[in-house]
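The values are calculated or read from the model by the stated rules, or taken from the named source; none is laboratory data. Since we're looking at a predicted model, the values are computed, not measured. Positions of Cβ are backbone-derived with ideal geometry, glycine not excepted, and every protein chain shown enters the neighbour counts.
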Amino acid sequence: MRSDGAHPNPARADRARSGPAHSGPVEAAPVLPGPVEDAPALPVSAHPGPEHPATWGRTAPTPRDTTRPGAPIRPGAGTARRGVVRSDAAHFGWAHAVAAPPAAAPALLAIAHGSRDARHAATVAALVARVRSARPGLRVEVAYLDHGAPSVPDALAALAADGIREAVAVPLLLSSAYHAKHDVPALLAIGRQLRLAVRTAPALGPHALLLDAHDRRLRALGVRPGDPSYGIVLAAAGSTDPQANADLTALARTWRRRGWGAVTVAFASAASPAVGDAVRDLRRTGLPRVAVATHTLAPGFLPDRIARQSTASGADLVTAPLADTPELAALTLHRYDAAATHQTLRTA
């Protein structure tokens, strides 16, 4: 698959559009750890998809280069490589990688929360720049739910004015809480009035690429990923949505299986435990070091609260938010590709 979205072989492109490619046995499939026995039971559909916690911990097939059927991608390959899309299959054991979209691909509209803090918009801009660099030729725009410009309706209107007829909205949100479930669909409804077909991708989280980004942040501070001497507090902004908080807990269990001494969750608002309480609880377990992983997209009021509570409670270190990492850019494009190539997703 070329970076402009066109397939180098039209016959193979026709076969690719008819369904996921099956290209023989998978070689050297990475084995993810098994399920945690004390994990709470979560509802499981008859055919859980890659976002469902029921698929976590399975043996995962090696993603493949769609330009060369049968060729496994080298370990560590990602979406920045031409023709390759890093898939949930590598993380959650789902069956098929997602092929890159065809020529004349829909525009990508990245929707961020927004903040009065200027650092938020600057960090989102850095993420969007990474996405554009990874997918040359793709129209990528950004919009904000609040406290930023352009708004979602204004961004949709600008796309329509430029003659764009299809777009995929990717919420730059780390959980499927209120904003993802209610605010984003309501704001995207204007697409109907503009004769703009808008598919909505899932929120970025939960996904194992977020854990890869956290590992990157910790490595930058001198911590070896999976160091058993460390207890980790996975600190999120917080939500009143029980499923969003349960998803974060499941993500923490997945991260714990990478070798950390312990991984627990905490919240800056709306839920408990608070960050300081979680740090003190880990100290009482006897672990020699405690790190706080800031599970937010960009700097702002709540990430600053996480940092203050971490320092006040004696954490050894606290990481920065995640947005300007390669993993977040790869995840944004993965969400886009999945929505762009699956016609069954909701259209605004």
Screening 320, 330, 278, 291 for residues that are buried (at least 17 other Cβ atoms within 10 Å of the Cβ), out of contact with any Asp or Glu (no Cβ under 8 Å at 6 or more places or on another chain) and not in a helix (DSSP H, G or I) leaves only 320
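Suppose we filter 221, 209 for residues that are of a type outside the set (Lys, Arg), in contact (Cβ under 8 Å) with a residue 40 or more places away in the chain and closer than 30 Å to residue 158 by Cβ; which single one remains?
Unique residue meeting the criteria: 209.
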For the stretch 268-285, pairs from a residue that is on the phi > 0 side of the Ramachandran plot to a residue that is at pLDDT 95 or above and buried (at least 19 other Cβ atoms within 10 Å of the Cβ), with Cβ under 8 Å and 6 or more apart or across chains, are none
Reported set for the stretch 237-248 where residues are under 27 Å from residue 225 (Cα atoms) and either touching a Phe, Trp or Tyr at 6+ places or on another chain (Cβ under 9 Å) or without any contact (Cβ under 8 Å) to a residue 24 or more places away in the chain (or both) is 237, 238, 244, 245, 248
The helices (runs of 4 or more DSSP H) lying wholly within the stretch 181-269 that contain at least 2 residues that are of a type outside the set (A, V, I, L, M, F, W, C) and more than 15 Å from the chain's Cα centre (by Cα) are 190-193, 208-220, 242-256
